[in-house]
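Here is the structure we will look at.
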Amino acid sequence: MPTVKLRKGYLSVLILSYCALYVAWIAPTAFSLAIRIEQIAPDIKDTAIAIAVGVPSLIVLVTGPLVGVLSDKTRLRFGRRRTWMLAGMLMGLLGSVLVGLSENIGLLIAAWTLAFIGYTAAGGMFVTHLGDKLPEQQRGKVAGFTGAVTQIAPVVGVAIAGAFSAMPLAMFAAPSAIAFILGLAFIVVMKDDPAPADSSKINFRQLAQGFYFNPRRHPDFAWVWISRFFIFLALSIMSLYTVYLLGDRLALEPGALAGLVATGGLLGIGVAITGSILSGAISDRIRRRKPFIVIAGLLLAGGLVVTATLTSITQFYIGSLVAVFGVGIFGAIDQAIGLDTLPSDQGQNGRFLGIFNLANQLAQGVGPFLAAAILSLLGGDYTGVYIVAAAFAVVGGLLILGVRPGRPTTVGIPVPKI
């Protein structure tokens, strides 16, 4: 466990670089890819956006953990985390530029897959570096800033991309260039060491164990996992067709769409924070978790139904904010209930936390393909897709009721009342 506190200047550069990375990493899936695909192939845009978002998300299920393990073993003098961070940033920049230059869907998907793998690797190295160097007494405050980054950066990214929506190369190259320049600024000052010379070889069997667990042995953790999967499945479907739904219903140009999405995101930050703080405080006071997951699922479903039937900008904001309020509640309680039910046998917290995060990662990979299939079955009706997503949100909220308070874990410690 590190004990030396990191300086404020160092942390400021790190957080700024992390924010820039998120701008280039998340904005395309929220806005830019949908716009570019509609420009290239409007007749197949619904299927193409599903493939463009889904394929990279599935691939990083493997590349993400693999890069983490490889970085643990990297002995280059440049540093074990810095090496992979730089490689990821270069891949992200190259892939993003190629997306902007793409004139066909195949090249666009391949280019964005390259960029997404790179940005995921770089993002993982930021988080891992904090685990390497950040002492316990600084972790809460820094987590607050990095958490805020994940809310603010997509809004900034959509605003930047919207300003260049008529110039495809700039729409992707501008955010990625900002991310690369600020990423280099941190890489230059980054305090990183090579892996120890006596570090063990890569154990691929242990790596494989990070993708599965026995649900019969850990039933409460299994209920939490499947509940989380369905909630994130609803979120994945919700975000996929937002740009196309708004364009079809409100007849807005790309620049106006960007402003609408960015404004909705900006308003959503305050709503999500409110939901998170209130639910966290009330949950601690009444010592219950499950009711808040149920409420979060119902709110998310309600917001999706409102969005599904939208006919005005006001209705979009209402649906978006109701859904985001539910997401804020879910975000505050989800991690707590996951830790409450985390299997504690054989000191494998890292493994089970990785499996816990796999629920949302898998949903983000599967969701786009499922959404495209539903849309095809419904004859291109976005309303039906959002209604199905709402049903998934309700199911996800209700599945948490399968967790039984007081059931012992594998080491005989009762699960708290949740």
Arrange Leu76, Leu11 by Cβ neighbour counts within 10 Å, fewest through most, would you? Leu76, Leu11
Relative contact order %, region 207-418, counting alpha carbon pairs below 8 Å whose residues are six or more apart: 39
Per-residue HN-Hα couplings for region 148-161, Karplus 6.51 cos²θ - 1.76 cosθ + 1.60 at θ = phi - 60°, whole Hz, x for Gly and Pro? 5, 4, 5, 8, 7, 4, x, 5, 4, x, 5, 5, 5, 4
Matching label for the computed percent of Cα pairs over 33 Å apart, out of [x] 38; [y] 33; [z] 49, is [y]
For region 328-343 and region 245-317, compute the distance between their C-alpha centroids and round to whole Å. 20
Taking Leu257, Leu58 and counting other C-beta atoms within 10 Å, the order from fewest to most: Leu58, Leu257
Give me the dipole magnitude in Debye, nearest 20, for region 207-418 about the Cα centre, with unit charges on the beta carbon: positive for Lys and Arg, negative for Asp and Glu. 840
Charged-residue dipole, Cβ positions (Lys, Arg, Asp, Glu), the chain about Cα centre, Debye nearest 20: 1600
Assuming a strict under-21 Å limit between Cα atoms, what lysine pair count do you get for the chain once near-sequence pairs (fewer than 8 apart, same chain) are dropped? 13
Which of the trypsin sites (Lys or Arg not before Pro) found in region 149-221 are loop residues per DSSP with 15 or fewer other Cβ atoms within 10 Å of their Cβ? Lys191, Lys201, Arg216, Arg217
Exposure proxy ranking, count of Cβ atoms within 10 Å, fewest first, for Ser17, Ser57: Ser57, Ser17
State, as an integer percentage, the relative contact order of region 1-104 based on alpha-carbon contacts under 8 Å between residues 6 or more apart. 18
The chain - percent relative contact order, Cα under 8 Å, separation 6 or more: 23
Along the charge dipole of region 191-318, which of Phe230, Leu240, Ala258 sits closest to the positive end, that is, farthest toward it, with unit charges on the beta carbon of Lys, Arg, Asp and Glu (+1, +1, -1, -1)? Phe230
Can you pull the one-decimal nm distance between simple spin-label points at Val69 and Ala148, each 7 Å off the Cα toward Cβ? 3.8
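Read-outs: derived from the displayed coordinates by stated rules, not from any lab. Bear in mind the structure is a predicted one, so any value in this text is a computation, not a measurement. Don't worry about glycine lacking a Cβ; one is built from the backbone with ideal geometry, like all the others, and counts go over all protein chains shown.
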